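*Asks:* This structure is in structure tokens; I'll ask about it shortly.
The values are calculated or read from the model by the stated rules, or taken from the named source; none is laboratory data. Note that the structure is a prediction, hence the values are computed from the model and not measured. Here the Cβ positions follow ideal geometry from the backbone for every residue, glycine too, while neighbour counts run over all protein chains shown. Heads up: the accessible areas ignore ligands, DNA and RNA and are worked out on the full protein's heavy atoms, side chains in. Shrake-Rupley method; radii C 1.70, N 1.55, O 1.52, S 1.80 Å.
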Amino acid sequence: PVSLLLAMPRPKAFRRTLETATTMGIKRIILFNSYNVEKSYWDSPFLTTEAIRERMVLGLEQAIDTILPTIEFYKNFNQFINEHIQTIIKETFPTIASPRASHELPNTINQPATVCVGPDRGFTESESKAFESIGFFATSLGERILRVEQAVPAILGKISSMMRI
């Protein structure tokens, strides 16, 4: 039971990440805007309902699954943080992947999780602070800075190995 918050990645990376997240069993994917997200990403033909469904079906086929994830879009970061995030993370363990974090994830997670991954250029300092002030646990995935399509399976793998629910 993991929800994925994802700052809108590059369109081609979005396709791969969407398929990977679906294969890994994510049933709720939330895409949002960030300062370092190019505005043109939101106009990509990869964001059509048909294109999104196609990638999710490929992920489901790989995983031998039949339940499509839900997908939500928030184009305004401040509105997302101020009006929606509290409801999204309610009764979950919220964590954010951050190359600047020095914390490791706890050994055991006894509740559903909400995992947040930023854009390839990362979150601004104020965006990172906004997430942490809400209660997101910032965790590092190691010394190397990963692209979105690498960070998502890395953190999902870590989280799923620690979940005990």
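*Asks:* Return the residues of the stretch 80-93 that are open to solvent by 90 Å² or more (accessible area, probe 1.4 Å) and at negative phi; say none if nothing qualifies.
*Replies:* Asn82, Glu83, Gln86, Thr87, Lys90
*Asks:* Also, quick follow-up: Check Pro99 against each of (1) within 22 Å of Lys12 (Cα to Cα); (2) touching a residue at least 24 places away in the same chain (Cβ under 8 Å); (3) surrounded by 14 or more Cβ atoms within 10 Å (Cβ to Cβ) and name the one condition it does not meet.
*Replies:* Only one criterion is unmet by Pro99, namely (1).
*Asks:* Now for a separate question. Write out, first by first residue and then by second, each pair whose Cβ atoms fall under 6 Å of each other, whose residues are 6+ apart or on separate chains, and whose first residue, in the stretch 67-79, is surrounded by 13 or more Cβ atoms within 10 Å (Cβ to Cβ) while the second is hydrophobic (A, V, I, L, M, F, W, C).
*Replies:* Correct list of pairs: Leu68/Met56; Pro69/Ile26; Pro69/Ile29; Ile71/Ile29; Glu72/Ile30; Phe73/Leu31; Tyr74/Phe32; Tyr74/Phe80.
*Asks:* Next question, about the same structure. Which condition breaks for Asp120 when tested against (1) out of contact with any Ser or Thr (no Cβ under 9 Å at 6 or more places or on another chain); (2) farther than 18 Å from Arg10 by Cα; (3) open to solvent by 10 Å² or more (accessible area, probe 1.4 Å)?
*Replies:* All conditions pass for Asp120, except number (2).
*Asks:* Taking the stretch 26-56 as the search range and keeping residues that are in contact (Cβ under 8 Å) with a residue 60 or more places away in the chain and either of a type in the set (Val, Ile, Thr) or crowded, with 16+ Cβ neighbours inside 10 Å (or both), which one is farthest from Gly118 (Cα to Cα)?
*Replies:* Restricting to residues being in contact (Cβ under 8 Å) with a residue 60 or more places away in the chain and either of a type in the set (Val, Ile, Thr) or crowded, with 16+ Cβ neighbours inside 10 Å (or both), the top hit is Ile26.
*Asks:* Is at least one residue of the stretch 139-146 under 24 Å from His84 (Cα atoms) and among the hydrophobic types (A, V, I, L, M, F, W, C)?
*Replies:* No, that holds for no residue.
*Asks:* Please state which one of Glu19, Glu61 is charged (D, E, K, R) and in contact with a helix residue (DSSP H, G or I) (Cβ under 8 Å, 6 or more places away or on another chain).
*Replies:* Criteria check complete, one pass: Glu19.
*Asks:* Can you tell me which residues in the stretch 1-45 are within 9 Å of the chain's Cα centre (by Cα) and more than 13 Å from Val148 (Cα to Cα)?
*Replies:* Within the stretch 1-45, Ser3, Ile29, Ile30 qualify.
*Asks:* May I pose another question? Within the stretch 88-127, how many residues turn out to be in a loop (DSSP other than H, G, I, E, B) and either under 14 Å from Leu6 (Cα atoms) or among the polar types (S, T, N, Q) (or both)?
*Replies:* Final tally of qualifying residues: 14.
*Asks:* Considering the stretch 4-25 alone, what residues qualify as being open to solvent by less than 20 Å² (accessible area, probe 1.4 Å) and closer than 24 Å to Glu91 by Cα?
*Replies:* If the condition is that a residue be open to solvent by less than 20 Å² (accessible area, probe 1.4 Å) and closer than 24 Å to Glu91 by Cα, then Leu4, Leu5, Leu6, Ala7, Ala21, Thr22 are the ones that fit.
*Asks:* Now a separate question. Give me a count of the residues in the stretch 129-157 that are in contact with a Ser or Thr (Cβ under 8 Å, 6 or more places away or on another chain) and open to solvent by 20 Å² or more (accessible area, probe 1.4 Å).
*Replies:* 3
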